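Report on the following structure.
The values are calculated or read from the model by the stated rules, or taken from the named source; none is laboratory data. Please read all numbers here as calculations on a predicted model, not as lab measurements. Every residue, glycine as well, gets a Cβ built from its backbone with ideal geometry; the counts of neighbours run over all protein chains shown.
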Amino acid sequence: MAQDYRELATTLRGRIDAGEFRQTGKLPTEDQLIEEYQTTRYRVRNAIAVLAEAGDVFPVRGSGVFVREDREGDYLSIGTTRGISAEYPHRKVTSVVQELSLLQADSVLAKRMHCAEGDQVWRVVRLRQVDGNPLAYETAWYLKEFVPFINEQIAEGSLFGYARNDLGLNFGFVDKVLYAGKLEADAARVLGLNEGDPALYLEDDSFLTNGRLFNSSFIAYHYVNARFFTMTSMRGRAAAGSARKAAWPPRPSTKGGRRCPRSSCLTWMAHWSTTTTTCRTRP
């Protein structure tokens, strides 16, 4: 069945994450992918361009498209958004639910969730742990329009996995803001740290392929236990060419109060603030 090249890129990234190409170290040939997915060369090449721009693969002329090896050690990727559970496939990731509630959006929450006042929004607060060690204090909101049901058992697992696999949501792109700050009392208590200790904060807004926001999160990471890593391409805009323009049309960002002068760049967008950097990535 033919796939849009954005969907094909997501499918191939899933196979990369699962280690399917670890033995050969590279993707199947263009002809093999065309045959396997019953699609066109245009879609295959554009899907590969998306993966190359994200740093997941690198084409070598005459040799094929090689898969980047994972960095050894325990790192959270800031170049992709797969969810914490997917970032630690060989570790025990657990979630301790601190709060689960269904709210009616007030004016502040409606603005954050790009919805109307009165729309129903799930609020989920969790402690995320890896092998029993505190990693992050996460507050997340999900539009009930797209996520009609959450209970504590679901919240204890991977909510991204639930949204993708059980609800069939098609993830599109994510806006990320990273900055350093000090822990507030609630987050410090749950993480086993002291109020005022340093933390790396991540705010992200997750959109579907139709451009609708379905999830917004605010995460405080443990400054000792969390380490981050990203893979990006050094080839710049030319690597993806028209594929990126068609697949991920740039939207000027206003986070941080100033428009990014490189709003067409979908990998990293610096907002010329001393404390924030905005990243647009695809899950």
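Considering only residues that are crowded, with 18+ Cβ neighbours inside 10 Å and touching a helix residue (DSSP H, G or I) at 6+ places or on another chain (Cβ under 7 Å), which ones fall in the range 184-198?
None; the set is empty.
Residue under question is Glu117, and the condition is that it be more than 20 Å from His222 (Cβ to Cβ), loosely packed, with under 15 Cβ neighbours inside 10 Å and among the charged types (D, E, K, R); does it hold?
yes
Determine which member of the set Val177, Val190 is among the β-branched types (Val, Ile, Thr), in contact with a Lys or Arg (Cβ under 6 Å, 6 or more places away or on another chain) and not in a loop (DSSP other than H, G, I, E, B).
The conditions single out Val177.
If you check every pair at least six apart or on different chains, which have Cβ atoms under 9 Å apart with a residue in the range 48-69 that is closer than 17 Å to Gly14 by Cα and touching a residue at least 12 places away in the same chain (Cβ under 8 Å) first and a residue that is among the hydroxyl-bearing types (Ser, Thr, Tyr) and in a helix (DSSP H, G or I) second?
If the second residue must be among the hydroxyl-bearing types (Ser, Thr, Tyr) and in a helix (DSSP H, G or I), the pairs left are Ile48/Tyr5; Ala49/Tyr5; Ala49/Ser242; Val50/Tyr5; Val50/Thr10.
Can you pull out the residues in the range 121-180 that are modelled with pLDDT of 90 or more and hydroxyl-bearing (Ser, Thr, Tyr)?
Within the range 121-180, Tyr137, Thr139, Tyr142, Tyr162, Tyr179 qualify.
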